Amino acid sequence: MRIFRALGALLPLALVATTALSGVSPATAQEPAVALTLRAQTPITTLAKPVVTITFRAENLGDGPLGELAAGFIIGPAIRSRVDYESSLVDGPVGTLIYVDTFAQEGTLEADETREFRISVDLSEIDGVSDVDSLVYPARIDLRSEGTAVAHIDTPLVNLVRTPDVPIKLAWWAEFAAPVALDPHGRLADAAFEDAIGPQGALTQQVSTLRAAASLDDGGVDVDVVVMPAVIDQLARMSDGYERASGEAVPEDEPPATHAAALLANLRSLVAEPNVELVAMPFAAPLLPSLASGGLAPDLDRQQSSGEAVVSQRLGRHPSAATAAPAQGALDEPSLQWLAERGSTTVLARSDTVERPAQPNDFAPLPTATVTTSDGQILELVLPDPGVQGLLADPTLLADPVRAGQAVLGELATIWREQPVPGLQPDGTETIRGVAVAMPSTLPADMWAPLVRRLSEASFLRPSRARDFAVQVNPVQTGATVSPSLARFPRDYVDAIRDQRRNVAAYRSMLAGPSAQPGRLDRNLLYAEAGEYVSTPVVGRRWYDQVNAATGSIFRGVLPDVQQAFLLTSSEGSIPLRMGDPGPTPLTVQVVLRSASFEFPGGFQRTVTLEGPDEIVTFDVVAKAGGPQTIRVKTRAPSGRDLGEEQNLAVRTTAVNGMALWITIGAGVLLLLLWSRRLIRRPKQ
């Protein structure tokens, strides 16, 4: 029977081979009439549980029905290298097949219809599956109509024959992050965020799945959770009720406001687990080099302290200072120095943060490296495996989440298989192998459950917190050099943020009482530094433009009215300035007068607190000259920052100056004497 089944299964393979030899790939020759999606697969089989069960969904994209349905299942020989493994995900089993079978299916698949199919195979009955060695086998499941394969799925089978004697250490971390969703006025501008925080959304699925893994009955597994504080800030604001950009209000007791509150509560429970390492990015997840080397270095401390404050307040747990997770893995020498100075010892990096030398036999690269800062401090880098990260970024795989999760598991099993038994290093220390996986926030919602389940339950993996992983795994690449990120904000962008920070500081110095407004303006400037705006600064400008508009309106409001003209009828008098409107909060300002034509006996500067509009500030003056004159008026914040352009106040005085009077009289006498000479006749010669 096996021979007949094998001959039946080889027919579609022969057709594929014929198509390949003709120089036309199946994809280019004809669009697939059926789309297959893996719905479930037994992650790992063992001697005690050798049956692999696979459920897949088929959708008929063609115009007509498909009849005489059957599911084909073929298995290739065991995979011995990562290169062969990754090829099998694309090309399927190659070489001499160890298993070929078909499973007849009832009914038809009508046009536009979707059906699920389920098949099971006992691997212990297959001669080519080893019962003495744990191995990974490539498999292909296909759907056939009238004996012809119309679509297929390639997936790995992980078969363990015994409990691994030496599991490989796993450092894995998940990013709880999302693009900025609220606009500078607090309105929801990105509707996709509402989907992400819904019951089936990516952020909700991520937190729920990790919480389940971290709170298992046997103590759960160690994992690092990296949070973007700005997302937590937005969730907290939305949970109180919010307004969409369209103007539609969402009350706090209705979805999605209730979804935001529920997600916050679930995240709070997740990070409360003792085996979860909570790591906080700086508030808006800025690219560290864009600040450290881009002219905004002082803002790194602002970003970090603000982020830690939000996380501590909203999640009830202070994040770890020992572990750092740079946004997008962006690093350079100044940012490394900053991380070391703030107490970080372990950095969650990207797979390409440092160049890693090739390993013997093309084994997986070393997962840790050390870098030394300019002042001699050493930081441990944890480096994700490039092969795994490539799978997690493959759009074709991500479109089939269960298959993607199984593909990652197979990759890790292949890495574990490379050197299952540790040896000794040249210095006599024991080899402790490890692999790192970074789970990005961009994973589809349906990807979290199959991926986390497989990584947390695989017996050949030993999950570990990154800071423990960094000091335990051996060997480690020493003296690595970081590939610096050159991403920077434009110069005018940097200058604008600096200028608005001075405006906010000036406004804060003007406040005579408590106000939350400066804090909100500071927060908007932190948002303006988000890493996502480095490539799209035109979008980020709206944040500091809003700060400029808010402070500009406040500053203009308190300026005095200089449109009025003053008339002094004597050399001494007073000038009453009518001040502007401070708004609902009393503001303190300094008013400074300057003029070469006047003296100010009581001083040329006044510091006043304005509690309402049209308050009068009076200056005593002494005129040095008559006629129209100008007094320059400048209004400042107590911090010393000018609140606007210098203003000119018109003053006319009709008083007669004493010195000018005597000069005028003297000139008149002289003219009289000169005129009187004409009245005296001189004798003629």
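Considering the stretch 79-104 alone, what residues qualify as being at positive phi and either within 42 Å of the chain's Cα centre (by Cα) or outside the structural domain of Ala58 (by TED's automatic domain parsing) (or both)?
Within the stretch 79-104, Gly92 is the sole residue that qualifies.
Considering only residues of the stretch 616-638 that are assigned to a loop (DSSP other than H, G, I, E, B) and modelled with pLDDT of 95 or more, which is farthest from Phe555 (Cα to Cα)?
Pro638
Working only within the stretch 190-222, note down all residues that are buried (at least 16 other Cβ atoms within 10 Å of the Cβ) and either in contact with a Cys (Cβ under 7 Å, 6 or more places away or on another chain) or more than 21 Å from Ala449 (Cα to Cα) (or both).
If the condition is that a residue be buried (at least 16 other Cβ atoms within 10 Å of the Cβ) and either in contact with a Cys (Cβ under 7 Å, 6 or more places away or on another chain) or more than 21 Å from Ala449 (Cα to Cα) (or both), then Asp190 is the only one that fits.
Identify, by number, the condition in (1) modelled with pLDDT of 95 or more; (2) in a loop (DSSP other than H, G, I, E, B); (3) in contact with a Leu (Cβ under 6 Å, 6 or more places away or on another chain) that Gly644 doesn't meet.
So Gly644 meets the others, but not (1).
Exactly one of (1) crowded, with 22+ Cβ neighbours inside 10 Å; (2) in contact with a Lys or Arg (Cβ under 7 Å, 6 or more places away or on another chain); (3) in a helix (DSSP H, G or I) is unmet by Asn266. Its number?
Condition (1) is where Asn266 drops out.
Could you tell me whether any residue of the stretch 139-146 is within 46 Å of the chain's Cα centre (by Cα), not assigned by TED's automatic domain parsing to the domain that holds Gln406 and not in a strand (DSSP E or B)?
No: zero hits.
Please go through the stretch 362-380 and give me each residue that is of a type in the set (S, T, N, Q) and either within 17 Å of Ala436 (Cα to Cα) or touching a residue at least 60 places away in the same chain (Cβ under 8 Å) (or both), ordered by number.
Scanning the stretch 362-380 gives Thr368, Thr370, Thr372.
Which of the residues belonging to the stretch 156-186 are farther than 21 Å from Ala438 by Cβ and within 32 Å of the chain's Cα centre (by Cα)?
Correct list: Val180, Ala181, Leu182, Asp183, Pro184, His185, Gly186.
Report yes if some residue within the stretch 105-119 is under 16 Å from Val158 (Cβ atoms), in contact with an Asp or Glu (Cβ under 8 Å, 6 or more places away or on another chain), not assigned by TED's automatic domain parsing to the domain that holds Leu412 and not in a helix (DSSP H, G or I); otherwise report no.
Scanning the stretch 105-119, I find no residue that is under 16 Å from Val158 (Cβ atoms), in contact with an Asp or Glu (Cβ under 8 Å, 6 or more places away or on another chain), not assigned by TED's automatic domain parsing to the domain that holds Leu412 and not in a helix (DSSP H, G or I), so the answer is no.
Would you tally the residues in the stretch 459-493 being free of Cβ contacts under 8 Å to residues at least 60 places away in the same chain and buried (at least 22 other Cβ atoms within 10 Å of the Cβ)?
Final tally of qualifying residues: 1.
Given (1) within 21 Å of Lys49 (Cα to Cα); (2) among the hydrophobic types (A, V, I, L, M, F, W, C); (3) modelled with pLDDT of 95 or more, where does Leu143 come up short, assuming only one miss?
With respect to (1) within 21 Å of Lys49 (Cα to Cα); (2) among the hydrophobic types (A, V, I, L, M, F, W, C); (3) modelled with pLDDT of 95 or more, Leu143 is out only on (1).
Let me confirm something: among Leu143, Leu123, Leu97, which residue is surrounded by 21 or more Cβ atoms within 10 Å (Cβ to Cβ), out of contact with any Ser or Thr (no Cβ under 9 Å at 6 or more places or on another chain) and not aromatic (Phe, Trp, Tyr)?
Leu143
Matching residues to (1) more than 21 Å from Pro365 (Cα to Cα); (2) assigned by TED's automatic domain parsing to the domain that holds Asp352; (3) out of contact with any helix residue (DSSP H, G or I) (no Cβ under 6 Å at 6 or more places or on another chain):
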{"position": "Asp446", "(1), (2), (3)": "yes, yes, no"}
{"position": "Arg465", "(1), (2), (3)": "no, yes, yes"}
{"position": "Asp468", "(1), (2), (3)": "no, yes, yes"}
{"position": "Arg498", "(1), (2), (3)": "yes, no, yes"}
{"position": "Pro514", "(1), (2), (3)": "yes, no, yes"}
{"position": "Gln517", "(1), (2), (3)": "yes, no, yes"}
{"position": "Leu521", "(1), (2), (3)": "yes, no, no"}
{"position": "Asn524", "(1), (2), (3)": "yes, no, no"}
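Among the residues that make up the stretch 56-69, is at least one of them without any contact (Cβ under 8 Å) to a residue 12 or more places away in the chain and either surrounded by fewer than 16 Cβ atoms within 10 Å (Cβ to Cβ) or not assigned by TED's automatic domain parsing to the domain that holds Met447 (or both)?
No, because not a single residue in the stretch 56-69 is without any contact (Cβ under 8 Å) to a residue 12 or more places away in the chain and either surrounded by fewer than 16 Cβ atoms within 10 Å (Cβ to Cβ) or not assigned by TED's automatic domain parsing to the domain that holds Met447 (or both).
Has the stretch 300-315 got any residue that is under 23 Å from Glu532 (Cβ atoms) and in a loop (DSSP other than H, G, I, E, B)?
Initial filter on the stretch 300-315 (under 23 Å from Glu532 (Cβ atoms)): 300-311, 314-315.
Next cut, in a loop (DSSP other than H, G, I, E, B) only: none.
No, the stretch 300-315 contains no residue that is under 23 Å from Glu532 (Cβ atoms) and in a loop (DSSP other than H, G, I, E, B).
Just the residues that are among the polar types (S, T, N, Q) and either at positive phi or modelled with pLDDT of 95 or more (or both), please, taken from the stretch 539-563.
Gln546, Asn548, Thr551, Ser553
When Arg115 is evaluated against the numbered criteria (1) of a type outside the set (A, V, I, L, M, F, W, C); (2) surrounded by 15 or more Cβ atoms within 10 Å (Cβ to Cβ); (3) in contact with a Phe, Trp or Tyr (Cβ under 9 Å, 6 or more places away or on another chain), which criterion, by number, is the only one it fails?
Failing condition for Arg115: (3).
Answer with yes or no whether Ser456 is out of contact with any Lys or Arg (no Cβ under 9 Å at 6 or more places or on another chain) and touching a residue at least 60 places away in the same chain (Cβ under 8 Å).
yes
Which one of these is over 24 Å from Val388 (Cβ atoms) and touching a residue at least 40 places away in the same chain (Cβ under 8 Å): Ala177, Ala230?
None of the others qualify; the one that does is Ala230.
Taking the stretch 564-593 on its own, how many of its residues are modelled with pLDDT of 90 or more, part of a loop (DSSP other than H, G, I, E, B) and surrounded by fewer than 18 Cβ atoms within 10 Å (Cβ to Cβ)?
Total meeting the criteria: 5.
Looking at the stretch 156-195, which of its residues are over 24 Å from Pro77 (Cβ atoms), assigned to a strand (DSSP E or B) and not hydrophobic (A, V, I, L, M, F, W, C)?
Passing the criteria: Lys169, Glu175.
If you take the residues of the stretch 609-620 that are in contact with a Ser or Thr (Cβ under 7 Å, 6 or more places away or on another chain) and surrounded by 12 or more Cβ atoms within 10 Å (Cβ to Cβ), which of them is farthest from Ala650 (Cα to Cα)? Lay out the reasoning, then the answer.
Looking only at the stretch 609-620, we keep the residues that are in contact with a Ser or Thr (Cβ under 7 Å, 6 or more places away or on another chain), and these are 609, 618-620.
Subset that is surrounded by 12 or more Cβ atoms within 10 Å (Cβ to Cβ): 609, 619-620.
Working: Thr609: 25, Phe619: 14, Asp620: 15 Å.
Out of the qualifying residues, it is Thr609.
For the stretch 466-522, what are the residues that are charged (D, E, K, R) and either part of a loop (DSSP other than H, G, I, E, B) or under 19 Å from Leu610 (Cα atoms) (or both)?
Scanning the stretch 466-522 gives Arg488, Arg508.
The values are calculated or read from the model by the stated rules, or taken from the named source; none is laboratory data. Values in this document were obtained by computation on a predicted structure and should not be read as measured data. Please note: Cβ atoms are built from the backbone with ideal geometry, for glycine as well, and neighbour counts cover all protein chains shown.
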